[in-house]
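Chemist: Here's a structure for you.
The values are calculated or read from the model by the stated rules, or taken from the named source; none is laboratory data. Bear in mind that the values here come from a model prediction, so they are computed numbers and not experimental data. Please note: Cβ atoms are built from the backbone with ideal geometry, for glycine as well, and neighbour counts cover all protein chains shown.
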Amino acid sequence: MEKEELRINEEALARRAKSKPAAKKSTVELVPKFCKGCGLCINTCPTGTLLFHDDPENKWGVAVVVDAPENCIGCRQCENQCPDCAIFAYRDTGKKDESERKAV
Ligand code: SF4
Ligand code: SF4
């Protein structure tokens, strides 16, 4: 990793240290082939859920990993910031989805 990526990780870990595991489970999914490793999602994540990691498979040499999924609050800021539609977040609202409601 480059110096800038290490700095971004350090800041994310500092935010993580101030956050707690989320009360409700949320899910974050990455589409690695679309990720260019810009770090916008890591920078914007308020809970330090995301980090850079070395990824020789990626042409940029780095990729994003959901390193602390238990801390994700499902705010979707990462998804909104990503210029390449490479990350998606789903918040568990605790409600049944449409298909489950119809089945009841
Ligand atoms: S904002 Fe998107 S392209 Fe940039 S590092 Fe995050 S997932 Fe990858
Ligand atoms: S949904 Fe929010 S808390 Fe979860 S990884 Fe994205 S920015 Fe971070």
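Chemist: If residue 58 meets every condition in (1) modelled with pLDDT of 85 or more; (2) more than 10 Å from ligand 2 (Cβ to nearest atom); (3) touching a helix residue (DSSP H, G or I) at 6+ places or on another chain (Cβ under 8 Å) apart from one, which number is that one?
Modeler: Going through the list (1) modelled with pLDDT of 85 or more; (2) more than 10 Å from ligand 2 (Cβ to nearest atom); (3) touching a helix residue (DSSP H, G or I) at 6+ places or on another chain (Cβ under 8 Å), residue 58 breaks only (1).
Chemist: Ok, one more. For segment 37-49, what are the residues that are in contact with a Gly (Cβ under 9 Å, 6 or more places away or on another chain) and closer than 23 Å to residue 25 by Cα? Outline the logic, then answer.
Modeler: We begin by selecting, within segment 37-49, every residue in contact with a Gly (Cβ under 9 Å, 6 or more places away or on another chain); these are 37, 42.
Hit for segment 37-49 is 42, nothing else.
Chemist: Which one is farthest from residue 51 (Cα to Cα), of the residues in segment 12-31 that are of a type outside the set (Gly, Ala, Ser) and surrounded by 13 or more Cβ atoms within 10 Å (Cβ to Cβ)?
Modeler: So the first thing to find is which residues in segment 12-31 are of a type outside the set (Gly, Ala, Ser), and the list is 13, 15-16, 18, 20-21, 24-25, 27-31.
The next check asks that each one be surrounded by 13 or more Cβ atoms within 10 Å (Cβ to Cβ); those that pass are 13, 15-16, 25, 27-28, 30.
Values: 13: 8, 15: 11, 16: 11, 25: 19, 27: 15, 28: 13, 30: 12 Å.
Across segment 12-31, the extreme among qualifying residues is 25.
Chemist: So, one more: Please enumerate the residues belonging to segment 5-55 that are farther than 18 Å from residue 87 by Cβ, modelled with pLDDT under 95 and either within 13 Å of the chain's Cα centre (by Cα) or of a type in the set (Asp, Glu) (or both).
Modeler: Residue satisfying the conditions is 54 alone.
Conditions tested, residue by residue: (1) touching a Ser or Thr at 6+ places or on another chain (Cβ under 8 Å); (2) of a type outside the set (D, E, K, R).
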| site | (1), (2) |
| --- | --- |
| 21 | no, yes |
| 24 | yes, no |
| 29 | no, no |
| 45 | no, yes |
